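Data first, discussion second: the structure below is written as structure tokens.
The values are calculated or read from the model by the stated rules, or taken from the named source; none is laboratory data. The structure displayed is predicted, hence computed values, not measured ones. Ideal geometry is used to build each Cβ from the backbone, glycine not excepted, and the neighbour counts take in all protein chains shown.
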Amino acid sequence: MDRFRMHILICGGTGCKASEADGVKAALRLSIEKNGMSREAQVVTTGCFGFCEQGPIVKVYPDNVFYVHVTEKDADLIVKEHVVKGRPVESLMFHDANDGASISEHRSMPFYQSQVRIALRNCGIIDPEKIDDYIALDGYQALAKVLTEMTPEETTKEIIDSGLRGRGGAGFPTGVKWETTRKAQDDKKYVVCNADEGDPGAFMDRSILEGDPHSVLEAMAIAGYAIGANEGVIYIRAEYPLAVERLNIAISQAEEYGLLGEDILGTGFSFKIRLNLGAGAFVCGEETALLNSIQGTRGEPRVKPPFPAQKGLWDKPTVINNVETYANVCPIINNGAEWFRKTGTDKCPGTKVFALAGKINNVGLVEVPMGIKLSDIVYKIGGGIRNAKKFKSLQTGGPSGGCISTENLDIEITYETLQSVGSMMGSGGMIVMDEDDCMVNIAKYYLDFTLEESCGKCTPCRVGNTRLYEMLDDITKGRGKMEYLDELEQLGEVIKDCSLCGLGQTAPNPVLSTLKYFRDEYEEHILHKRCPAKACKDLLRFFVIPEKCIGCTLCARNCPVSCISGDRKVVHEIDQSRCIKCGECFEKCPKEAIARE
Amino acid sequence: MSKIKSLDELKKIREEAKNSTSLRTTGENPDRVVIKVGMATCGIAAGARVVMGALIDEIARLQLENVSVMATGCVGMCYAEPIVEVHTPGRGVIRYGNVSEKLARDIIEKHIVAGELLEDVIVGREA
Ligand SMILES: Cc1cc2nc3c(=O)[nH]c(=O)nc-3n(C[C@H](O)[C@H](O)[C@H](O)COP(=O)(O)O)c2cc1C
Ligand code: SF4
Ligand code: SF4
């Protein structure tokens, strides 16, 4: 029998597809054929490896060599050297930013060293379009186990005992939710998966669905067995076409094998899953708005209670969980609650996936144990701040979260600690900001987002947030007043108290947290009409430093509104009244003779 | 694809599917044994391809989960090719020379499985 002696894995996630992984894949296949290796080496597409910064990424097994920034032109080199002659290509390996040394195996890279992979266990190892790959790594064993060895009560208890909490943001104990739904008496129940993931910059759930769709399907079937439901719905945004495609493939493969559908494994249990495409409104990620949207009505949140566990989809008892929450279920069933509790903290067992972005060296998807220090994520995994700039703030929780300052960087991540410093876990966005980011401007950016996404049902959210935005806008444009600061705080608290859903209840968080930790920046804007980060354009002024100017005319020629005057070899001058503050002259001046203030 | 009707059938499919993924899962195991076959021009001319095929075949037959087979370059002992090196974590390297297809199978059965070195054909050791 023919057996491949090498597997060449290439990331097929959206991040790497965007960085031309498809072309690399074709080039690798072609080169393997040309070099007569078709029977020895196989190219496999997988999900995201997480280190998106370095994409497209190619991994070669069994050597476990990790190549970064691979282009079509490199394919031949990898095949001729590594595949044919067994000589890994050093120039394509990851190079340590500090000492320049090449690192061949991913587990030796700082980026991967503090990571623990439970939810992402199969991402980057299996081919998400092959159910056999998933089965080989114990796929559908957990479903088989609960169906043949455990009662619904025992299944639910295992999840309760594991201490798994919702990864969609609020951290509600998953087992307790299942238990309530299991106990609810009704002829029909539902299992829903929240795959709306609307936070700007977040792509944790998308990566799981793209890289390991069966893990979510299997977990939903387990939830169905536990609560007594035989229908599941995945609510996923239509803007995730690759995830939708992979889910559709996975569902049809599972149905063909009889692992979804009627009488699964001859046990009499039936479970079906269908997709529901969302139009991409942030508020539809809120569970009750999501249920309304599935029912075809306006995506507006409902009043709770009753909770979905009592009256959910079509008013029937419903379990609704986030994608990542489901991705943790099968390992818990397979390995037991005790095993799961070995990772993370007592109150927050397990791991959390974060999408690390912003001014950080290693951008990507990371899965870390709960309780890890924020500073470890920023400096060890993330490799510190880009371009040796100074760290200013870490934003977690997206538009609902806050900005964490240096003094709180040593807290250990849990739902509670993040809340205690004015932020929240959210779904896992993590954006690093440096000295060039203006905190007033950042707060304004998030508020702009929530304003746009508010459904408009509650006055505090619809009008209150608009007022907050207007005040922030004034401040960034030099029209702010000191009274605004108290007003922002008071109004923010009122909005939090009086809004119906989580969107309104958390919308002021970015403002309140920056006010608390970066109040001096607000005051600087108001009192001195100065933006310390030099990010608020309206407060900036560009001018020529006469001693440094050599009169080269470059700035004048590049100014888009021609507001710079001066003859050759004569000191130039900027007409402030016409300057649009584009910064062109600042960038172009060879003598650093233009100052920005 | 036909329907899987029982847990036993699912387990059977898992065992078959493992053949294709074990290359990757073993590669992820830091404690695995690595067998390297010299696959430079000298090695290939002396028959390294057949040797490699036999090693991989034998490992699959015995369902060994912690052994990877890889190609490596010329170690400068072209006269002794095909060369097979066994790298065991913490126990250094044993290098076998003039390895035939039969000897390759012996290396797996004796050295890897039973832990007995094939002293007669060792051409080098590294700590
Ligand atoms: C405005 C808003 C947006 C939300 N967006 C999402 C989302 O995109 N994905 C998600 O899983 N949960 C989202 N949630 C949380 C859900 O309401 C709900 O708590 C979650 O789906 C429950 O699943 P879990 O317990 O597994 O986390 C959002 C909540 C609010 C208030
Ligand atoms: S808080 Fe905002 S988003 Fe939520 S229901 Fe009220 S208006 Fe709609
Ligand atoms: S580019 Fe700089 S040096 Fe040249 S004229 Fe303008 S300010 Fe002077």
task = Might you check whether a residue that is closer than 15 Å to residue B:107 by Cβ, within 12 Å of chain A (Cβ to nearest Cβ) and either outside any helix (DSSP H, G or I) or at pLDDT 90 or above (or both) occurs anywhere in region B:10-26?
result = no
remark   = Given (1) hydroxyl-bearing (Ser, Thr, Tyr); (2) more than 10 Å from chain A (Cβ to nearest Cβ); (3) part of a loop (DSSP other than H, G, I, E, B), residue B:2 misses just (2)
request  = Test residue B:53 against the stated conditions and say whether it is out of contact with any Pro (no Cβ under 6 Å at 6 or more places or on another chain), at pLDDT below 95 and either among the charged types (D, E, K, R) or part of a helix (DSSP H, G or I) (or both).
outcome  = yes
query = Scanning for something among the small types (Gly, Ala, Ser) and under 20 Å from the mean Cα position of the chain (by Cα), does region A:301-321 turn up at least one residue?
reply = no
task = Output the qualifying pairs, or none if there are none: Cβ atoms under 7 angstrom, residues six or more apart or on different chains, first residue in region A:55-70 and within 14 Å of chain B (Cβ to nearest Cβ), second residue among the hydroxyl-bearing types (Ser, Thr, Tyr).
result = A:58/A:67; A:62/B:26; A:62/B:68; A:65/A:104; A:66/A:104
query = If you take the residues of region A:94-126 that are under 24 Å from residue A:330 (Cα atoms) and in contact with a Ser or Thr (Cβ under 7 Å, 6 or more places away or on another chain), which of them is farthest from the other protein chains (Cβ to nearest Cβ)?
reply = A:119
message = Consider region B:68-84. How many of its residues are crowded, with 20+ Cβ neighbours inside 10 Å and at the interface with another protein chain (Cβ under 9 Å from one of its Cβ atoms)?
response = 5
task = Taking residue A:223 as the residue in question, decide whether it is away from ligand 2 (no atom under 16 Å from the Cβ), within 14 Å of another protein chain (Cβ to nearest Cβ) and more than 17 Å from the chain's Cα centre (by Cα).
result = no
request  = Consider residue A:47 carefully, then state whether it is within 14 Å of another protein chain (Cβ to nearest Cβ), at pLDDT below 90 and under 28 Å from the mean Cα position of the chain (by Cα).
outcome  = yes
task = Just give me the residues in region B:38-65 being within 26 Å of residue A:135 (Cα to Cα), more than 8 Å from every other protein chain (Cβ to nearest Cβ) and surrounded by fewer than 18 Cβ atoms within 10 Å (Cβ to Cβ), in sequence order.
result = B:61, B:62, B:63, B:64, B:65
request  = May I ask you to say which residue of A:376, A:346 is surrounded by fewer than 21 Cβ atoms within 10 Å (Cβ to Cβ), more than 16 Å from ligand 3 (Cβ to nearest atom), within 18 Å of residue A:409 (Cα to Cα) and not small (Gly, Ala, Ser)?
outcome  = A:376
remark   = Counting only residues in region A:42-64 that are surrounded by fewer than 24 Cβ atoms within 10 Å (Cβ to Cβ) and among the hydrophobic types (A, V, I, L, M, F, W, C), the one nearest to residue B:73 (Cα to Cα) is identified as A:60
request  = Would you point out the residue of region A:5-44, among those that are in contact with a Leu (Cβ under 8 Å, 6 or more places away or on another chain) and β-branched (Val, Ile, Thr), that is nearest to the other protein chains (Cβ to nearest Cβ)?
outcome  = A:44
ask   = Yes or no: residue B:35 surrounded by 22 or more Cβ atoms within 10 Å (Cβ to Cβ), within 8 Å of chain A (Cβ to nearest Cβ) and not in a helix (DSSP H, G or I)?
value = no
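One residue is enough: does region A:72-84 have a residue meeting the conditions more than 14 Å from chain B (Cβ to nearest Cβ), crowded, with 23+ Cβ neighbours inside 10 Å and in a loop (DSSP other than H, G, I, E, B)? Walk me through it before giving the result.
So the first thing to find is which residues in region A:72-84 are more than 14 Å from chain B (Cβ to nearest Cβ), and the list is A:72-77.
Subset that is crowded, with 23+ Cβ neighbours inside 10 Å: A:75.
Cutting the leftovers down to in a loop (DSSP other than H, G, I, E, B) gives us none.
Looking for residues that are more than 14 Å from chain B (Cβ to nearest Cβ), crowded, with 23+ Cβ neighbours inside 10 Å and in a loop (DSSP other than H, G, I, E, B), one finds none in region A:72-84, hence no.
Return the total of residues in region A:127-157 being in contact with a Phe, Trp or Tyr (Cβ under 7 Å, 6 or more places away or on another chain) and within 13 Å of another protein chain (Cβ to nearest Cβ).
Of the residues in region A:127-157, 3 are in contact with a Phe, Trp or Tyr (Cβ under 7 Å, 6 or more places away or on another chain) and within 13 Å of another protein chain (Cβ to nearest Cβ).
Per-residue answers, yes or no, for (1) under 30 Å from residue A:446 (Cβ atoms); (2) at pLDDT below 95; (3) part of a loop (DSSP other than H, G, I, E, B); (4) of a type outside the set (A, V, I, L, M, F, W, C):
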| position | (1), (2), (3), (4) |
| --- | --- |
| A:526 | yes, no, no, no |
| A:535 | yes, yes, yes, no |
| A:567 | no, yes, yes, yes |
| A:595 | no, yes, no, no |
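If we scan region A:480-494, do we find a residue that is among the β-branched types (Val, Ile, Thr), outside the structural domain of residue A:425 (by TED's automatic domain parsing), surrounded by 15 or more Cβ atoms within 10 Å (Cβ to Cβ) and modelled with pLDDT of 95 or more? Steps first, answer last, please.
Initial filter on region A:480-494 (among the β-branched types (Val, Ile, Thr)): A:494.
Right, trim to outside the structural domain of residue A:425 (by TED's automatic domain parsing) and you get A:494.
Among the residues that remain, those that are also surrounded by 15 or more Cβ atoms within 10 Å (Cβ to Cβ) are: none.
The answer is no; no qualifying residue exists.
Quick one: in region A:414-436, of everything that is within 16 Å of ligand 1 (Cβ to nearest atom) and assigned to a loop (DSSP other than H, G, I, E, B), which residue is surrounded by the most Cβ atoms within 10 Å (Cβ to Cβ)?
Here is the first cut: in region A:414-436, the residues within 16 Å of ligand 1 (Cβ to nearest atom) are A:414-416, A:418-419, A:423-430.
Filter once more, so that each one left must be assigned to a loop (DSSP other than H, G, I, E, B): A:414, A:423-428.
On the way: A:414: 21, A:423: 25, A:424: 23, A:425: 27, A:426: 26, A:427: 30, A:428: 28.
Filtering first and then ranking leaves A:427.
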inquiry  = Step by step: first the residues of region A:165-174, then only those that are outside any helix (DSSP H, G or I) and either touching a strand residue (DSSP E or B) at 6+ places or on another chain (Cβ under 7 Å) or among the β-branched types (Val, Ile, Thr) (or both), then the one that is nearest to the other protein chains (Cβ to nearest Cβ). Which residue is that?
reply    = A:167
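Which members of region A:474-500 meet the condition of being within 17 Å of residue A:523 (Cβ to Cβ) and in a helix (DSSP H, G or I)? If you could, list the steps in order and put the result at the bottom.
Initially, region A:474-500 is screened for residues within 17 Å of residue A:523 (Cβ to Cβ), giving A:474-489.
Within region A:474-500, A:474, A:475, A:476, A:483, A:484, A:485, A:486, A:487, A:488, A:489 meet the criteria.
Residue-wise test of (1) out of contact with any Asp or Glu (no Cβ under 6 Å at 6 or more places or on another chain); (2) away from every other protein chain (no Cβ under 14 Å); (3) within 12 Å of residue A:507 (Cα to Cα); (4) within 16 Å of ligand 2 (Cβ to nearest atom).
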position	(1), (2), (3), (4)
A:402	yes, yes, yes, no
A:439	no, yes, no, no
A:443	yes, yes, yes, no
A:447	yes, yes, yes, yes
A:460	yes, yes, yes, yes
A:473	yes, yes, no, no
A:477	no, yes, no, no
A:484	yes, yes, no, no
request  = For region B:115-124, indicate whether the set of residues that are loosely packed, with under 15 Cβ neighbours inside 10 Å, assigned to a helix (DSSP H, G or I) and out of contact with any Phe, Trp or Tyr (no Cβ under 9 Å at 6 or more places or on another chain) is non-empty.
outcome  = yes
message = away from ligand 3 (no atom under 16 Å from the Cβ), more than 16 Å from residue A:354 (Cα to Cα), touching a residue at least 60 places away in the same chain (Cβ under 8 Å) and outside the structural domain of residue A:206 (by TED's automatic domain parsing): which single residue out of A:457, A:389 fits that description?
response = A:457
key: Test: residue in region A:530-546 that is over 30 Å from residue A:571 (Cα atoms), more than 16 Å from ligand 3 (Cβ to nearest atom) and out of contact with any strand residue (DSSP E or B) (no Cβ under 9 Å at 6 or more places or on another chain)   = no
